[in-house]
Amino acid sequence: MMRLAKYLLVPWTAIVVYTCAVVFNGSAGLVPYRELLREREKLLANLEKLQQTNRELEGNMDALLYDSETIRVKARELGYGRGEERFVRIVGLSSARNRPLQAGLVRNANQPFFTPDRTIQLASLCAALILFAVFIIFDMRSMKRANQ
């Protein structure tokens, strides 16, 4: 009876291996959850940058709507002026015209890496089969020794 009782460990081994793998690296496990938290922090940091950029752009928009001097400066940066004004172009200097408009960075969260459920099931089945084979081999050797 005791010989057969140890074979009850085989399905329990499969269950324990499966449970541990799912808890740590399954689709909703601890490791993927930590990766999602890191992605969330990156997204929150990006959101803060976008909000700061939005505040700056709103300030520029308000200045262009209500401040005539700002409109004159922007017009000169774009190459416009009054009729009596003359422009001198200096080659080799960077101009305000060539500044890229950078409104913000669009960021998507990356999917966390996790072990597929089918792989975890196969791993737990293999662990159970290995334990089963070890028990069989051990029992066969002990039976040989008993017969000699």
Quote the charge dipole size of the chain about the Cα centre in Debye, to the nearest 20; the model charges only the Cβ of Lys and Arg (+1) and of Asp and Glu (-1). 820
Of all the stretches in the chain, which is the longest one without any exposed loop site, taking GluC sites (Glu not before Pro) in a DSSP loop (any state but H, G, I, E, B) with at most 14 other Cβ atoms within 10 Å? 1-83
Among the complete DSSP H segments of the chain, which ones combine at least 24 Å of alpha-carbon extent along their axis with a mean Kyte-Doolittle hydropathy of -0.5 or more? 117-147
Share of the chain's accessible area from carbon and sulfur, percent, 1.4 Å? 63
Compute the length gained on full extension between L125 and V23: take 0.36 nm times their separation in residues and subtract their Cα-Cα distance, giving the result in nm to one decimal. 35.0 nm
Sort 123-134, 5-16 by packing, meaning the average of other beta carbons within 10 Å per residue, with the highest value first. 123-134, 5-16
Only helices counted: for the chain, with every DSSP H run of 4 or more residues adding -39500 (n - 2.57) and the sum spread over all residues, [θ] at 222 nm is -23000 deg cm²/dmol
Of the listed values (1) 36, 17, 12; (2) 76, 16, 8; (3) 53, 13, 12, identify the label whose number matches semi-axes √(5λ) of the Cα gyration tensor in Å calculated from this model. (2)
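The values are calculated or read from the model by the stated rules, or taken from the named source; none is laboratory data. As the structure is a prediction and not an experimental result, all values here were calculated from the model. Here the Cβ is made from the backbone with ideal geometry for all residues, glycine too, and neighbour counts use every protein chain on show. Only protein heavy atoms, including side chains, enter the accessible area calculation; ligands, DNA and RNA are left aside. Shrake-Rupley method; radii C 1.70, N 1.55, O 1.52, S 1.80 Å.
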